[in-house]
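The values are calculated or read from the model by the stated rules, or taken from the named source; none is laboratory data. Since this is a predicted model, take the numbers as computed values, not measurements. Every residue, glycine among them, receives a Cβ derived from its backbone with ideal geometry; neighbour counts consider all protein chains shown. Note: accessible area is taken over every heavy atom of the protein model, side chains too, but ligands, DNA and RNA are not part of it. Shrake-Rupley method; radii C 1.70, N 1.55, O 1.52, S 1.80 Å.
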Amino acid sequence: MSHDSASLKARAQGLLQQAGITINGHRSTDITVHDERTYARAFAHGSLGLGEAYMDGWWDCADLAGFMARVLNAHLDDSLRTLDTLVAHLKARFLNLQRGDHAWEVGRQHYDLGNDLFEAMLGKRLVYSCGYWANAWNLDDAQEAKLDLICRKLQLTPGQRILDIGCGWGEALKFAAERYGVSGVGITISKEQAEYARELCRGLPIEIRLQDYHEVDERFDAVLSVGMFEHVGGKNYRPWFEVARRCVRLDGLVLLHCIGSNGAAGRPDPWIEKYIFPNSVIPSMAQVSSALESLFVVEDWHNFGTDYDRTLVAWQANFDAAWPRLSSNYDERFRRMWHFYLGCSAGVFRSRRDQLWQLTLSPRGVPGGVRVPR
């Protein structure tokens, strides 16, 4: 090992020890380094370098979620502020990446990967968002509980017509139509999702549109949006709420389900930005509240962020179990990329760095208030 490499390793070990992590140790949250270039790559490029080194097989960790939770709880990421982070921050801050052609990038890069991947990972229902584990013991039950919670919060009744902004594979609309007797419209920017959702909802009073949400201008009894707001971008939060306000009846309710940040917004992770969700950014509380000012009354703001830890761990287990049959369509570098994404994301929620919010909103305030279910 060169002198430079040895000094970088010593620096890395000093940092990791603050988080209770040992290089080449024996605990599940310790890391095993196979290539000494890992240290230089991580110090030069922060999370981007660390993630790419993992994808290339330069290091391993048995418990990525536990490793990441320790790193974040010890605030080691503050020691790895790099140019990549700054560039991603500036892009999020000053460019409107979620309008026009850019709005469709996440659909092309992420959601059009292949339904085989998501069918294997997500379980019985293709629901790519946090489950609700209050009374659930497995992923399928947690996702069904989440869908039912949304329908109950929206106070859905037979004959109503609802709008799902960013409808994914159509599972929420299907559930609402079958269990609560409603009809609805779902919009998505993913061609693969639209085709799947149309097939899934065949025979139900559901219309699936391949459309940008800004174009929707008709009234519905209720509006929901699950796991889509993270792709909207700070410059579009106000227009998003204006669309929701325009589209919900004055006596209707809106439910927004999204990941949220404790701190200031506008600093997406460079590795996530490059490999997983282009043009995505996690909103802050201040951004959300200022964007909905004078448009909605916040009837309820529900945080169950730790449920995302359990959801991601379950997705990772499903993905790993399905890998033998997925491996004919995806290479080993993709396997490592996806495993890293799911494991580290679980660690983010375990550390309480990010949250999962459900906001229940009304245009003018519900007379007498809303007893929002849990």
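Taken across region 151-158, residues that are under 25 Å from Ala176 (Cα atoms), open to solvent by 30 Å² or more (accessible area, probe 1.4 Å), modelled with pLDDT of 95 or more and in contact with a strand residue (DSSP E or B) (Cβ under 7 Å, 6 or more places away or on another chain) do occur, with at least one present. Cβ separations smaller than 7 Å between residues 6+ apart or across chains give the following pairs from region 343-362 residues that are among the hydroxyl-bearing types (Ser, Thr, Tyr) to residues that are part of a strand (DSSP E or B): Thr360/Leu253; Thr360/Leu255; Thr360/Glu299; Thr360/Asp300; Ser362/Leu253; Ser362/Val297; Ser362/Glu299. Determine if region 260-271 includes at least one residue that is modelled with pLDDT of 95 or more, in contact with a Ser or Thr (Cβ under 7 Å, 6 or more places away or on another chain), under 20 Å from Trp357 (Cβ atoms) and open to solvent by 10 Å² or more (accessible area, probe 1.4 Å). Within region 260-271, not a single residue is modelled with pLDDT of 95 or more, in contact with a Ser or Thr (Cβ under 7 Å, 6 or more places away or on another chain), under 20 Å from Trp357 (Cβ atoms) and open to solvent by 10 Å² or more (accessible area, probe 1.4 Å).
So that you can scan it fast, the table gives a plain yes or no per residue for (1) basic (Lys, Arg); (2) out of contact with any helix residue (DSSP H, G or I) (no Cβ under 6 Å at 6 or more places or on another chain):
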position: Phe220; (1), (2): no, no
position: Arg249; (1), (2): yes, yes
position: Phe296; (1), (2): no, yes
position: Asp307; (1), (2): no, yes
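Which ones in region 272-303 are surrounded by fewer than 20 Cβ atoms within 10 Å (Cβ to Cβ), part of a loop (DSSP other than H, G, I, E, B) and modelled with pLDDT of 95 or more? Result: Glu293, Ser294, Leu295.
Within region 336-353, the set of residues being open to solvent by 30 Å² or more (accessible area, probe 1.4 Å) and in contact with a helix residue (DSSP H, G or I) (Cβ under 6 Å, 6 or more places away or on another chain) comprises Arg350, Arg353.
Residue pairs whose Cβ atoms lie under 8 Å apart, separated by 6 or more positions or on different chains, with the first residue in region 232-255 and more than 14 Å from Leu292 (Cα to Cα) and touching a residue at least 12 places away in the same chain (Cβ under 8 Å) and the second in a helix (DSSP H, G or I) and open to solvent by 10 Å² or more (accessible area, probe 1.4 Å), are Gly233/Ala92. Looking at this structure, is Ile259 β-branched (Val, Ile, Thr) and more than 30 Å from Thr157 (Cβ to Cβ)? It is false that Ile259 is β-branched (Val, Ile, Thr) and more than 30 Å from Thr157 (Cβ to Cβ).
Candidates Gly186, Gly166, Gly227: the one that is under 16 Å from His257 (Cα atoms), free of Cβ contacts under 8 Å to residues at least 40 places away in the same chain, touching a strand residue (DSSP E or B) at 6+ places or on another chain (Cβ under 7 Å) and of a type outside the set (Ser, Thr, Tyr) is Gly186.
Of the residues examined, Ala321 is one that is modelled with pLDDT of 95 or more, surrounded by fewer than 16 Cβ atoms within 10 Å (Cβ to Cβ) and of a type in the set (Gly, Ala, Ser).
Of the residues making up region 14-26, those that are free of Cβ contacts under 8 Å to residues at least 24 places away in the same chain and assigned to a loop (DSSP other than H, G, I, E, B) are Thr22, Asn24, Gly25, His26. Please enumerate the residues belonging to region 178-205 that are on the phi < 0 side of the Ramachandran plot and over 25 Å from the mean Cα position of the chain (by Cα). Of everything in region 178-205, those that are on the phi < 0 side of the Ramachandran plot and over 25 Å from the mean Cα position of the chain (by Cα) turn out to be Glu178, Arg179, Tyr180, Val182, Ser183, Arg202, Leu204, Pro205.
Being assigned to a helix (DSSP H, G or I), open to solvent by 30 Å² or more (accessible area, probe 1.4 Å) and within 22 Å of Leu117 (Cβ to Cβ) is a property that Arg310 has.
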